[in-house]
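Here, each number is a calculation from the coordinates, and none is a lab measurement. Quick caveat: nothing in here was measured; it's all calculated off a predicted structure. Neighbour counts are summed over all protein chains in view; Cβ atoms, including those assigned to glycine, are modelled from backbone coordinates with ideal geometry.
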Amino acid sequence: MKSATKVTVAVFGTIAAIAGVEHGIGEVLQGNAAPPGVVIQSWPNSAFFRALSGEPAMTVIPNLLVTGILAIVATAAFFLWATMFVQREHGGLVLMALSVVLLLVGGGFGPPVLGIILGIAATRINAPLRWWCDCTSPNVRRVLGAIWPWSVGIGALVWLLVFPGVNIASYYYGMDNATVIATVIAAAFGFLLLSIITGHARDSLQRPAAARARSR
């Protein structure tokens, strides 16, 4: 049976990759120019990205065109690893390393933070924490596991509200209240953490069942 934690990492990793590519495209479109500093805006002159402050990012590369290209390449590697290889040994650590690379080459701040959280979660794919199993009853984990599909689905929708939802609401309807934006972002990270917890609960129940099946 497929690991719920792995599915969670793949779903939210895909969302992080979409955002990373978006940052890279904005930097490529700025052309062969030097960045104003380490901290940059991926879309500095775009009204569509005004609500998100032009999509801040950072780069250690002294050229915006090269920064954007590297951001797209790093994002592609991040996406492939998060969706296909993260279950391997040390897969979570590799995902965290790719997140740091993404941070340094203009992939924004949100995608790398999301990637590091997912990398930490990925270290427990098919390896439930012993203290978690000892401190929670099977009934509690069963309830949390049942919530997992809903948490992932709603969480993905909330992340889509962050981007492009906030941009669309601001650009077309003039809705750019900072409190509302902060609330949506907080909800997105909240559902991410809930998805990780409920996915881990689901896996903690599946692992003993799989072990019993193999022993028959």
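What angle do you read, to the nearest 10 degrees and between 0 and 90, between the alpha-carbon axis of helix 138-160 and the longest principal axis of the chain?
20 degrees
With everything on Cα atoms, drop me the angle between helix 178-215 and the longest principal axis of the chain, reported from 0 to 90° to the nearest 10.
Rounded to the nearest ten degrees, it is 30.
Just from its helices, what would the mean residue ellipticity at 222 nm be for the chain, if runs of 4 or more DSSP H residues each count -39500 (n - 2.57) and the sum is divided by every residue, rounded to the nearest 500 deg cm²/dmol?
So the calculated ellipticity at 222 nm is -23000 deg cm²/dmol.
Could you tell me which residue out of C135, G108, A76 lies farthest along the dipole of the chain toward its positive end? Charges go on the beta carbon: Lys and Arg +1, Asp and Glu -1, centred on the Cα centre.
C135
Mean separation of Cα pairs under 8 Å and 6+ residues apart, divided by the residue count of the stretch 4-215: what relative contact order is that in percent?
Taking the mean separation of contacting Cα pairs over the length of the stretch 4-215, I get 26 percent.
On a 0 to 90 degree scale, rounded to 10, what angle separates helix 91-104 from the longest Cα axis of the chain?
In the chain, helix 91-104 runs at an angle near 10 degrees to the longest axis.
How big is the Cα convex hull of the chain in projection, averaged over all directions, in nm²?
Averaged projected area of the chain's Cα convex hull equals 12.8 nm².
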